[in-house]
């Protein structure tokens, strides 16, 4: 909350007024204007034409060697006077032709850079794609909310985020009989009058009169709206300075962005690029590219976009506390997590007690509470290896396969759209479950899905092709599920936050171009086969023919008789695939920690970096080396001290949400919660079409079984490949159900309360103890015992069942029960 | 509305210089509920009383026999009914709506409505899109589900979204945001049953003693959110407010009679019970009601069916508008009546009309719109729009009435794509 107010204030306050670094005076300064490598400090920069500008970055080296941004605090001068001007934010603009030296000073330290102004009186023709289109992007004119949406806004359309400058030129210059631009009196062009809202404009005054952008547009119109030569230089990439910086929790950093052109030239585009932090609670960035940290330690990245290029600037924000007494290192997980915590100065919570560990690991591996007896024995067991043994026992249990089959069945979209799907869905579920139960290597599991052919009854993975029936769905699901890439955007246009273009998308689509289908043996069970022919696809916009191409890889020539999906499977599962293993280990990490190393877990991109890259790489490498052994991965995770840390925060790590300095509690998912209530209470739920005694996690497909409880607590419908379809949002309907439903009341009155109240052998204390072991795998505390007994004594003997029901009800409604913690 | 400041999406409304993204966009994590509640409190915002009654006239009502009559059209087109004047000069509706004709200053007719699809479904009325749109991520959400998603951040005192027509899709917002359907299980949860108030209090007291886990272990504040909902649930159940709202026996008899008529709800006027229930639920704090009324797929006996249904609809809708007016709620509560499409100009051999997605009409009242007017127009045979109004514009107007800014509200769908609520986000300008 304080952070939010701080953020609001920062955004509202003038940029320069608050530049008061409280650090000691710099030992030395450096200034960069023309390049983003460290050795580019002091490198001469140039400004071409009166509408040019550039942003400098000044870096101070403090006594002791720490690097701090001094851009907003330095005193600037330019000599000789009259050639350029520089403001207090480090923005340089030209005044006349010549070369000036820009000097930044802080105390005794200074740094200089020469800036040459060229073509001030004879500006070159404006290049539309390189100079005009980026303005529309910067001002938001071509965003998906405005003129960039398909069909445009109020009759005026621009390509989304300027990805098609050729189209933009058509729309602007040629459409509407040229009424949008008026070279004879440029400032009377509709484009400008709308932009500054001197005529009514739904979007308001996006453009400021006489601003840099305004003047550039006027220049372009005055010049007769040139597009630029066909062979004009194109942007081939952007780079940012600094790429990484260690920053204080309240630190700030001016970024500088350089666009690199195909002719080898470069341009400082800092003020035209767009910025977005990946964690808005950690950092904000203003329009000028200045990053402000918001007080939370950890790793944060700022995505920078210019034209169709992206770059990323990363910051590590240490808390700087002493990290002593680390728990023992039990696996590579601990090596990497503890290294990160030391770097951040973020002390972890201690390892959780046995009861907490057993409940946590049972829920995470099997979706089950530990049975009361198991929990009792575990607490009494003196074996120092008992945690490792518990992990083994859980991994070997049937419940492990049930639970993980439930997880995979949802994201593999095993959904019952029609009643006739039931048998195929059951077969697919059994196939998934068997693969997990037998610990089939993950690469083989994926290969069998991607290359599935034949009848569902013989090859159940064909059911995936029944549900994921269109080629675009196959591309998108494979990318999201197995590669952690959300490539959907690139179906129609260049991906806004990624390097992927339509070429990449349709290169992937080509792998699915030979999927044939014919009527199968049973209704709605098509047979999938390889349709002989050369695999390929077309970019729907340009018509360009594309060969099958793995993301970021080379096009493949696949003979007509070969099923291209085999090549796709080979590409996916080769050990050097940069996405495949990382995606899986990250997905599983999220399962056990509630947050991915990259989060969301299926949105892995350079601009959304891992909070701990070494951890992700290390786990992925180990996973590949293990032969894609899923159980071994789970072992590696669960044996670690990191996984076993307490969720209770210490004085420093309460706000940590990404560095795994403690366990992050999360609500039990719908199926696990229902099963846990039944398990704790000794009751059962009946599911239509399922054998008696079935548990909710054993429901094989989605949409076939109706359960109010499961729906209201967010069981996914198997509609997408995203785990995010499963919701753990709280709602009033959930609370009403737990509080006051005949469903829950019925369970209470027919369950363990009845048994305990009728049990004359045990004392109330023993019975309450039994309930605590059932619910939490631990004995009741003195306080808890006191209140429970006090509650019991309020009731007469004949009402004892009701008294016990109340206790059972209260226990399943505690956060300790509803959450895995 | 609560927003996270961001930078990815620029707003188009010209009011906000910064970009906004709605709280808790799917998969992005976000501000915690208690933060939001505190922020709202700081803003001085009161509980939102804006609400919507979205009425689906299932089957495709005959626009040219109800709201857009063409008395000058040839006999094979114009149909059996005559238009009558209303209390707004120049605004005419079907003669079978005599009660509504006396209150035309309180509603608007949208003619020339386009954007329908030839598909029997509530989908366009509830979501603005056909069922198959975005199906690969669960489809588009219905308005009520959007309200439910956004009202997580508000101090709502009741269930945000109730459907009196069974399941309505929550689309990509997921099952947690599907409507509450007050039948069977759903209904009984609202009322004290086996467990009386004393026992419930005993239980919640016990829970308060035993539920001692430190809330600060959960930096995402889900625990506090659940605590807050549990408190509301206790209040809903013990006050009986929602349960009473569903019980028409608790309503004044004379009022009931205005909805149900002399037959007491026998026959067609039975559907009017839901109008009354909708009003009662909104008074109890519900934000969005989805309901359907009648059957309108009149391939045969169009005129007989309408002769049967229209007077009952006239009675129900006029009673609802009157009630809301009397209670001073009409400016807060939007009502819309529409179907999946219009019906064909040419009358068939069976005195019926076939599907006609090219053009149809809608009826809107309340929510602060400028009532007492006809917006849009169809041609002389009610076959095509002359002045079209896209159905998204009506959705946009309804969202606006609810205080939801469609220009800035976005959700991230399960495939990671930012989604606006509507493609055509301009409200019907004559109405706002």
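The values are calculated or read from the model by the stated rules, or taken from the named source; none is laboratory data. Because the structure is a prediction, the values reported are computed rather than measured. Using ideal geometry, Cβ is built from the backbone for each residue, glycine included, and neighbour counts are taken over all protein chains shown.
Here's the yes/no breakdown for (1) free of Cβ contacts under 8 Å to residues at least 40 places away in the same chain; (2) over 24 Å from residue B:125 (Cβ atoms):
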{"position": "B:240", "(1), (2)": "no, yes"}
{"position": "B:243", "(1), (2)": "no, yes"}
{"position": "B:247", "(1), (2)": "yes, yes"}
{"position": "B:250", "(1), (2)": "yes, yes"}
{"position": "B:264", "(1), (2)": "yes, yes"}
{"position": "B:269", "(1), (2)": "no, no"}
{"position": "B:273", "(1), (2)": "yes, no"}
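Being surrounded by fewer than 24 Cβ atoms within 10 Å (Cβ to Cβ) and in a helix (DSSP H, G or I) is the filter; apply it to the range B:121-135 and report the residue that is farthest from the other protein chains (Cβ to nearest Cβ).
If we take residues in the range B:121-135 being surrounded by fewer than 24 Cβ atoms within 10 Å (Cβ to Cβ) and in a helix (DSSP H, G or I), then B:123 is farthest from the other protein chains (Cβ to nearest Cβ).
So residue A:733 passes all but one of these: (1) within 30 Å of residue A:484 (Cα to Cα); (2) touching a strand residue (DSSP E or B) at 6+ places or on another chain (Cβ under 6 Å). Which condition number does it fail?
(1)
Here is a yes/no grid of residues against (1) closer than 25 Å to residue A:804 by Cα; (2) within 14 Å of another protein chain (Cβ to nearest Cβ); (3) surrounded by fewer than 23 Cβ atoms within 10 Å (Cβ to Cβ):
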position: A:682; (1), (2), (3): yes, no, yes
position: A:688; (1), (2), (3): no, no, yes
position: A:723; (1), (2), (3): no, yes, yes
position: A:736; (1), (2), (3): yes, yes, no
position: A:746; (1), (2), (3): yes, yes, yes
position: A:762; (1), (2), (3): yes, no, yes
position: A:768; (1), (2), (3): yes, yes, no
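Assess whether residue A:608 counts as being under 21 Å from residue A:461 (Cβ atoms) and either surrounded by fewer than 18 Cβ atoms within 10 Å (Cβ to Cβ) or out of contact with any helix residue (DSSP H, G or I) (no Cβ under 9 Å at 6 or more places or on another chain) (or both). Break it down into steps so the answer makes sense when it comes.
Details: under 21 Å from residue A:461 (Cβ atoms): no; either surrounded by fewer than 18 Cβ atoms within 10 Å (Cβ to Cβ) or out of contact with any helix residue (DSSP H, G or I) (no Cβ under 9 Å at 6 or more places or on another chain) (or both): yes.
It is false that residue A:608 is under 21 Å from residue A:461 (Cβ atoms) and either surrounded by fewer than 18 Cβ atoms within 10 Å (Cβ to Cβ) or out of contact with any helix residue (DSSP H, G or I) (no Cβ under 9 Å at 6 or more places or on another chain) (or both).
For the range A:73-82, indicate whether the set of residues that are touching a helix residue (DSSP H, G or I) at 6+ places or on another chain (Cβ under 9 Å) and modelled with pLDDT of 95 or more is non-empty.
no
Can you find a residue in the range B:272-280 that is more than 15 Å from the chain's Cα centre (by Cα) and closer than 23 Å to residue B:106 by Cα? Walk me through how you get there before you give the answer.
The initial filter retains those residues of the range B:272-280 that are more than 15 Å from the chain's Cα centre (by Cα), namely B:272-273.
Filter again for closer than 23 Å to residue B:106 by Cα, leaving B:272-273.
The answer is yes, given that some residue of the range B:272-280 is more than 15 Å from the chain's Cα centre (by Cα) and closer than 23 Å to residue B:106 by Cα.
Would it be correct to say that residue A:346 is in contact (Cβ under 8 Å) with a residue 40 or more places away in the chain, within 30 Å of residue A:316 (Cα to Cα) and either in contact with a helix residue (DSSP H, G or I) (Cβ under 9 Å, 6 or more places away or on another chain) or loosely packed, with under 15 Cβ neighbours inside 10 Å (or both)?
Details: in contact (Cβ under 8 Å) with a residue 40 or more places away in the chain: yes; within 30 Å of residue A:316 (Cα to Cα): yes; either in contact with a helix residue (DSSP H, G or I) (Cβ under 9 Å, 6 or more places away or on another chain) or loosely packed, with under 15 Cβ neighbours inside 10 Å (or both): yes.
Here the answer is yes, as residue A:346 does meet what is asked.
Can you tell me which of (1) in contact with a helix residue (DSSP H, G or I) (Cβ under 9 Å, 6 or more places away or on another chain); (2) surrounded by fewer than 20 Cβ atoms within 10 Å (Cβ to Cβ) is the one residue A:422 doesn't meet?
(1)
Residue by residue through the range B:188-207, note down the ones that are at the interface with another protein chain (Cβ under 7 Å from one of its Cβ atoms) and either within 28 Å of residue A:663 (Cβ to Cβ) or assigned to a helix (DSSP H, G or I) (or both).
Matches in the range B:188-207: B:188, B:202, B:203, B:206, B:207.
Can you tell me which residue is nearest to the other protein chains (Cβ to nearest Cβ) among those in the range B:380-390 that are surrounded by fewer than 24 Cβ atoms within 10 Å (Cβ to Cβ) and either out of contact with any helix residue (DSSP H, G or I) (no Cβ under 6 Å at 6 or more places or on another chain) or free of Cβ contacts under 8 Å to residues at least 24 places away in the same chain (or both)? Outline the logic, then answer.
Filtering the range B:380-390 down to residues surrounded by fewer than 24 Cβ atoms within 10 Å (Cβ to Cβ) leaves B:380-381, B:383-388, B:390.
Then keep just the ones that are either out of contact with any helix residue (DSSP H, G or I) (no Cβ under 6 Å at 6 or more places or on another chain) or free of Cβ contacts under 8 Å to residues at least 24 places away in the same chain (or both); that gives B:380, B:383-388, B:390.
On the way: B:380: 27, B:383: 25, B:384: 20, B:385: 17, B:386: 19, B:387: 16, B:388: 14, B:390: 11 Å.
Restricting to residues being surrounded by fewer than 24 Cβ atoms within 10 Å (Cβ to Cβ) and either out of contact with any helix residue (DSSP H, G or I) (no Cβ under 6 Å at 6 or more places or on another chain) or free of Cβ contacts under 8 Å to residues at least 24 places away in the same chain (or both), the top hit is B:390.
For (1) surrounded by fewer than 19 Cβ atoms within 10 Å (Cβ to Cβ); (2) under 22 Å from residue B:370 (Cα atoms), each residue gets a yes or a no:
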residue: B:55; (1), (2): no, yes
residue: B:59; (1), (2): no, no
residue: B:70; (1), (2): no, no
residue: B:77; (1), (2): yes, no
residue: B:113; (1), (2): no, yes
residue: B:119; (1), (2): yes, no
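Could you tell me whether the range A:354-364 includes any residue that is under 21 Å from residue A:402 (Cα atoms), touching a residue at least 60 places away in the same chain (Cβ under 8 Å) and not in a helix (DSSP H, G or I)?
no
Tell me which residues, restricted to the range B:208-240, are facing another protein chain (nearest Cβ under 7 Å) and under 23 Å from residue B:159 (Cα atoms).
We begin by selecting, within the range B:208-240, every residue facing another protein chain (nearest Cβ under 7 Å); these are B:209-211, B:213-214, B:216-219, B:222-223, B:225-226, B:229-230, B:232-234, B:236-237.
Correct list: B:222, B:223, B:225, B:226, B:229, B:230, B:232, B:233, B:234, B:236, B:237.
For the range A:404-427, name all the residues that are in contact (Cβ under 8 Å) with a residue 60 or more places away in the chain, assigned to a helix (DSSP H, G or I) and farther than 17 Å from residue A:722 by Cα.
A:420, A:421, A:422, A:423, A:424, A:425, A:426
Just for the range A:699-718: of the residues that are at the interface with chain B (Cβ under 8 Å from one of its Cβ atoms) and outside any helix (DSSP H, G or I), which one is modelled with the lowest pLDDT?
Here is the first cut: in the range A:699-718, the residues at the interface with chain B (Cβ under 8 Å from one of its Cβ atoms) are A:708, A:711-717.
If we keep only those that are outside any helix (DSSP H, G or I) too, we end up with A:713-717.
Values: A:713: 94, A:714: 91, A:715: 92, A:716: 89, A:717: 86.
Restricting to residues being at the interface with chain B (Cβ under 8 Å from one of its Cβ atoms) and outside any helix (DSSP H, G or I), the top hit is A:717.
Within the range A:788-815, track down each residue that is under 22 Å from residue A:376 (Cα atoms), surrounded by fewer than 24 Cβ atoms within 10 Å (Cβ to Cβ) and facing chain B (nearest Cβ under 9 Å).
A:814, A:815 - these are the residues of the range A:788-815 that are under 22 Å from residue A:376 (Cα atoms), surrounded by fewer than 24 Cβ atoms within 10 Å (Cβ to Cβ) and facing chain B (nearest Cβ under 9 Å).
In this structure, is residue A:137 modelled with pLDDT of 90 or more, within 13 Å of chain B (Cβ to nearest Cβ) and outside any loop (DSSP other than H, G, I, E, B)? Break it down into steps so the answer makes sense when it comes.
Working: modelled with pLDDT of 90 or more: yes; within 13 Å of chain B (Cβ to nearest Cβ): yes; outside any loop (DSSP other than H, G, I, E, B): yes.
Judged against the criteria, residue A:137 is a match.
In the range B:180-187, is there at least one residue being facing chain A (nearest Cβ under 7 Å), surrounded by fewer than 22 Cβ atoms within 10 Å (Cβ to Cβ) and either in contact (Cβ under 8 Å) with a residue 12 or more places away in the chain or under 25 Å from residue A:783 (Cα atoms) (or both)?
Checked the range B:180-187: no residue is facing chain A (nearest Cβ under 7 Å), surrounded by fewer than 22 Cβ atoms within 10 Å (Cβ to Cβ) and either in contact (Cβ under 8 Å) with a residue 12 or more places away in the chain or under 25 Å from residue A:783 (Cα atoms) (or both).
Just checking, how many residues over the range B:252-262 are assigned to a helix (DSSP H, G or I) and either under 16 Å from residue B:314 (Cβ atoms) or in contact (Cβ under 8 Å) with a residue 40 or more places away in the chain (or both)? Write out each step before concluding.
To start, the set of residues in the range B:252-262 that are assigned to a helix (DSSP H, G or I) comprises B:253-260.
Adding the requirement that they be either under 16 Å from residue B:314 (Cβ atoms) or in contact (Cβ under 8 Å) with a residue 40 or more places away in the chain (or both) leaves B:255, B:257-260.
Here the count works out to 5.
May I ask you to list the residues in the range B:162-177 that are more than 7 Å from chain A (Cβ to nearest Cβ), buried (at least 19 other Cβ atoms within 10 Å of the Cβ) and at negative phi? Walk me through it before giving the result.
Step one: filter the range B:162-177 for residues more than 7 Å from chain A (Cβ to nearest Cβ), giving B:162-173, B:177.
In the following step, the residues that additionally are buried (at least 19 other Cβ atoms within 10 Å of the Cβ) were identified as B:162-165, B:168-173, B:177.
If the condition is that a residue be more than 7 Å from chain A (Cβ to nearest Cβ), buried (at least 19 other Cβ atoms within 10 Å of the Cβ) and at negative phi, then B:162, B:163, B:164, B:165, B:168, B:169, B:170, B:172, B:173, B:177 are the ones that fit.
Given the conditions (1) touching a helix residue (DSSP H, G or I) at 6+ places or on another chain (Cβ under 9 Å); (2) in a loop (DSSP other than H, G, I, E, B); (3) modelled with pLDDT of 95 or more, which single one is not true for residue A:292?
(2)
Examine the range A:651-670 for a residue that is within 14 Å of chain B (Cβ to nearest Cβ), buried (at least 24 other Cβ atoms within 10 Å of the Cβ), at pLDDT 95 or above and assigned to a helix (DSSP H, G or I), and state whether such a residue exists.
Within the range A:651-670, one or more residues are within 14 Å of chain B (Cβ to nearest Cβ), buried (at least 24 other Cβ atoms within 10 Å of the Cβ), at pLDDT 95 or above and assigned to a helix (DSSP H, G or I).
Among the residues in the range B:250-264, are any touching a helix residue (DSSP H, G or I) at 6+ places or on another chain (Cβ under 7 Å), at the interface with chain A (Cβ under 7 Å from one of its Cβ atoms) and surrounded by fewer than 22 Cβ atoms within 10 Å (Cβ to Cβ)?
The answer is no, given that none of the residues of the range B:250-264 is touching a helix residue (DSSP H, G or I) at 6+ places or on another chain (Cβ under 7 Å), at the interface with chain A (Cβ under 7 Å from one of its Cβ atoms) and surrounded by fewer than 22 Cβ atoms within 10 Å (Cβ to Cβ).
Take the residues of the range B:391-417 that are touching a helix residue (DSSP H, G or I) at 6+ places or on another chain (Cβ under 9 Å) and assigned to a strand (DSSP E or B): which is surrounded by the fewest Cβ atoms within 10 Å (Cβ to Cβ)?
Looking at the filtered set, the residue picked out is B:412.
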